[in-house]
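Colleague: Submitted below is the structure of interest, expressed as structure tokens.
The values are calculated or read from the model by the stated rules, or taken from the named source; none is laboratory data. Worth saying up front: this structure is predicted, and the values here are computed from it rather than measured. Counting neighbours? That spans all protein chains shown, and the Cβs are built from the backbone with ideal geometry, glycine included.
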Amino acid sequence: MRLYFRLISIRIRSQMQYRLSFVLDTLGAAFTTLVEFVSLWLVFARFGDIGGWTLGEIAFMYGLVEAAFGTMDMLFSGYDPAFFGQQIQRGVFDQLLLRPLGLPLQMFTAEFIVRRLGRIVNGLFIFAIGLSLTSIAWDAAKLLYLPVVFVSAVLFFGALFVVGAAVCFWTVESIEVVNIFTYGGSYMLSYPMHIYHDWIRRFFTFILPSALIIYYPALYFLDKPDPFGLPSFMPFLAPLAALGVLAVAFAFWSVGVRKYTSTGT
């Protein structure tokens, strides 16, 4: 861990060499998320609710997703498919395989995008708005489970990045379809699952368990009934689902590493 923090500190110092650029990038990331939420606010001003969910309830989910995805995007930057695809093309990954350091440590420290703090802070701000607009009956169990859900979301989104990076072993560059499940998936999870078509909901519940990460825990925190009548333990499967998907993702990554052949660059 000492070596990890040392390498990350080098990444941070390199990005802070251009302070104005860093500040503008961070504010830009925060502003983009804020504009998206303001647009959503205007929709509520016109229609009142989305699938029976109020603005505060949507903000609760939206802010949680944004903060978790931003955290993941910072911690798992080395596995970002777009970034890793470039590493494959340039032959940089060959260098990682030759260094006397563990590959996971090198991947997690290959990139660390500090400007993602803008998205994280903005997500927390929207989450706070959601809390102020809803009357959640907090108890010890909910307070303890909230950080577990947050970490589960970070690990789940990170697993999608790992899978996307592993695909680059065969495609050499990142493919757009991966973004459907990463960036597109984060937007989808910002809204209640029952507004989507049945096949979409089933796929993202039982095959790629996105709904178990945010939607079902949100039902628990907000004391809302499950419109699909699934078992009452569903909201508490978030950590198991996240760890399961992460394990599968790294297993797939290991296969990719074993099958990897250099591009020759």
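Colleague: Which of (1) closer than 24 Å to Tyr191 by Cα; (2) touching a Cys at 6+ places or on another chain (Cβ under 8 Å); (3) of a type in the set (Gly, Ala, Ser) is the odd one out, the single condition Gly85 does not satisfy?
Modeller: Only one criterion is unmet by Gly85, namely (1).
Colleague: List pairs: first in region 185-206 and closer than 18 Å to Leu222 by Cβ, second hydroxyl-bearing (Ser, Thr, Tyr), Cβ under 6 Å, 6+ apart or cross-chain?
Modeller: Filtered contacts from region 185-206: Leu189/Ser210; Ser190/Tyr62; Met193/Tyr215.
Colleague: Given the structure, is Val154 under 19 Å from Leu75 (Cα atoms) and crowded, with 17+ Cβ neighbours inside 10 Å?
Modeller: Answer is yes for this residue.
Colleague: Still on this model: If the Cβ limit is 6 Å and pairs must be 6+ apart or interchain, which residue in region 35-48 that is within 14 Å of Ser190 (Cα to Cα) and of a type outside the set (Val, Ile, Thr) pairs with which residue that is in a helix (DSSP H, G or I) and at pLDDT 75 or above?
Modeller: Phe37/Ile126
Colleague: Another one. With the requirement that a residue be over 30 Å from Phe127 (Cα atoms) and charged (D, E, K, R), what does region 57-107 give you?
Modeller: Arg90, Asp94, Arg99
Colleague: Got at least one residue in region 122-135 being surrounded by fewer than 23 Cβ atoms within 10 Å (Cβ to Cβ) and β-branched (Val, Ile, Thr)?
Modeller: yes
Colleague: Of the residues that make up region 197-205, is at least one at pLDDT 90 or above, of a type in the set (S, T, N, Q) and either more than 17 Å from the chain's Cα centre (by Cα) or closer than 28 Å to Ala165 by Cβ (or both)?
Modeller: Yes.
Colleague: Tell me yes or no: at least one residue of region 10-32 is aliphatic (A, V, I, L, M), surrounded by 15 or more Cβ atoms within 10 Å (Cβ to Cβ) and either touching a Gly at 6+ places or on another chain (Cβ under 7 Å) or more than 30 Å from Asp226 (Cα to Cα) (or both).
Modeller: Yes: one or more hits.
Colleague: Please work out if Ile50 is surrounded by 12 or more Cβ atoms within 10 Å (Cβ to Cβ), modelled with pLDDT of 80 or more and farther than 30 Å from Lys224 by Cα.
Modeller: No.
Colleague: Return yes when Ser186 is surrounded by 20 or more Cβ atoms within 10 Å (Cβ to Cβ), modelled with pLDDT under 95 and either under 10 Å from the mean Cα position of the chain (by Cα) or aromatic (Phe, Trp, Tyr) (or both) and no when it is not.
Modeller: Spelling it out, Ser186 is indeed surrounded by 20 or more Cβ atoms within 10 Å (Cβ to Cβ), modelled with pLDDT under 95 and either under 10 Å from the mean Cα position of the chain (by Cα) or aromatic (Phe, Trp, Tyr) (or both).
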